[in-house]
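In what follows, a structure is listed as structure tokens, so that the remarks can point back to it.
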Amino acid sequence: MPGEFEGDLTEAVFWGADMSGARFRDVNLTGARISHAFVVDVDIDAFVDRLVVNGVDVTEYVNERDQWYPVRAMIRASDPDGLRDAWAALEEVWAPTIARAQALGEEKAQESVNEEFSFVQTVQHLVFAMEKWFNVPNLGESFHAMGLPNTGSLDFPWPGLDYSVKPSLAEALAVRADRAAKFRAYLAGVDAADFPREVEVLENGKVTVLDCLQTVMEEEFWHNRYARRDLAVLEQTM
């Protein structure tokens with residue numbers, strides 16, 4: 001029977017398994033080896049660093065044609081300069097996305113596509129993610145009331161969140177801009193010696209500072225992708 005699997009499956013062996021229609025999200029496939037398999041109508045959206053298919057290294061071919069490379073690689077930086085460059089790149093790709101949402105107007109910015117986050121809700125979620133992984137554990141700040149967790153974490157007792165708060169696009173963007181400025185300022189003076197330090201992240205426990213920073217980058221990268229996908233749909237209805 002289909003189920004959901006999570007946790008540590010390092011070096012697990014899947015033998016004779018039928019994975020047709022399976023979905024893999026937020027998974028680490030480093031060092032995975034697949035053989036005697038049927039790969040038909042498979043869609044992979046991932047950071048690619050040495051991918052060999054039937055003995056052919058297709059890494060360069062894929063990355064040269066991926067519009068999101070090298071940002072995919074940049075957000076995995078583990079040194080101060082690399083993290084600063086990654087954040088600058090993320091702000092650069094977010095600028096036109098925000099402009100598109102503003103051009104659509106308030107009503108469309110509040111509209112959901114295929115039951116996903118509306119654009120405003122996406123901004124609310126990014127505010128939450130920034131606070132969960134950065135502001136609260138690293139700066140000792142509090143959650144803004146408008147923050148919005150992912151659906152699987154709504155029942156967690158997040159301090160200060162108020163799901164009845166429905167901000168306008170301008171209000172949500174103003175809070176996001178404030179949090180982004182603090183993140184940028186932190187990166188400007190960050191010391192790599194602090195990266196291994198562990199902080200307490202609500203719901204997730206002890207996490208290193210570097211993992212926190214990289215998680216913020218991941219959230220920003222993927223939700224920009226999702227926002228652009230949905231904005232394209234909304235623009236067609238104008």
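A few comments on the model shown:
- Dividing the helix sum by the residues of the chain, where each DSSP H run of 4 or more adds -39500 (n - 2.57), gives a mean residue ellipticity at 222 nm of -14000 deg cm²/dmol.
- Per-peptide average of other Cβ atoms within 10 Å, ordering 163-176, 190-203, 111-124 highest first: 111-124, 163-176, 190-203
- Basic side chains Lys and Arg get +1 at the Cβ, acidic Asp and Glu get -1 at the Cβ, and with that the dipole of the chain about its Cα centre reaches some 300 debye.
- The structure-derived value of mean projected area of the Cα convex hull in nm² appears in the list (i) 17.0; (ii) 12.5; (iii) 15.4 under the label (iii).
- Separation of the range 184-201 from the range 111-137 is 22 Å, based on Cα centroids.
- Cβ-Cβ FRET estimate between Y163 and E111, R0 fixed at 22 Å, reported to 0.05: 0.75
- Cα long-axis angle, helix 209-236 against the chain (0 to 90 degrees, to the nearest 10): 90 degrees
- Straight-distance candidates among the lysines for linking to K206, with alpha-carbon spacing under 18 Å and chain neighbours fewer than 8 residues away dropped: K132.
- At full extension, E198 and V42 could sit 52.4 nm farther apart than now, given 0.36 nm per residue minus the alpha carbon distance.
- For a label point 7 Å along the Cα-to-beta-carbon line of N150, residues of the range 180-205 with backbone N under 13 Å: 204
- Gain in span if fully extended, E171 to A17, counting 0.36 nm per residue against the direct Cα distance: 50.5 nm
- Cα-projected label distance for R33 with R84, points at 7 Å along beta-carbon direction, nm: 4.3 nm
Read-outs throughout are calculated quantities, based only on the coordinates presented, and are distinct from any laboratory measurement. Being a predicted model, the structure only gives us computed values, none of them experimental. Methodologically, a virtual Cβ is constructed for each residue, glycine included, from the backbone with ideal geometry; neighbour enumeration extends over all protein chains shown.
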